[in-house]
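Taking it in order: structure first as structure tokens, then the write-up.
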Amino acid sequence: METRLQILHDAQVIDQDVYHGMLAVVARLEQHWNLRIRHAQGEMMITHMANAMMRARQGDVIPAIDDEVLSEIASSDFYANIQEMHHDLLSLFAFVVPEYEQGYLLANLYGLVLAQQESAA
């Protein structure tokens with residue numbers, strides 16, 4: 001995970017602040033939230049989040065995620081927990097993340113939590 005973030009930083013896809021913030025996200029997910037993220041779903045989530053944070057920092061605008069996807073997440077048994085994790089992770093950054101980015105971040109967290117649930121079953 002750290003190597004992937006280093007590559008994104010070295011390629012100037014993410015800046016120093018987002019790089020350090022994402023290292024904190026990795027630590028927070030593993031240590032505080034006890035999530036296993038060192039697998040394909042975790043790598044995808046971290047990569048997508050790093051890109052989203054950089055877009056937010058630069059003010060780049062993208063289309064919002066489909067409402068049906070958000071409805072599925074909101075109706076899940078994990079929604080309250082995902083929301084709590086989401087806000088916790090965003091607090092690691094010193095800039096505001098627009099709502100249109102947050103839907104994608106929620107979807108990636110949802111995928112990560114589902115992967116955790118499936119591997120525990």
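If I ask for residues that are in a helix (DSSP H, G or I) and among the aliphatic types (A, V, I, L, M), which ones from region 90-121 would you list?
90, 105, 106, 107, 109, 112, 113, 114, 115, 120
So which residues in region 95-118 are open to solvent by 70 Å² or more (accessible area, probe 1.4 Å) and touching a residue at least 24 places away in the same chain (Cβ under 8 Å)?
96, 99, 104, 117, listed by residue number.
The values are calculated or read from the model by the stated rules, or taken from the named source; none is laboratory data. Note that the structure is a prediction, hence the values are computed from the model and not measured. Heads up, the Cβs are rebuilt from the backbone with ideal geometry, glycines too, and the neighbour counts pull from every protein chain shown. Remember, those area values only see protein heavy atoms, side chains included, never the ligands or the DNA or RNA. Shrake-Rupley method; radii C 1.70, N 1.55, O 1.52, S 1.80 Å.
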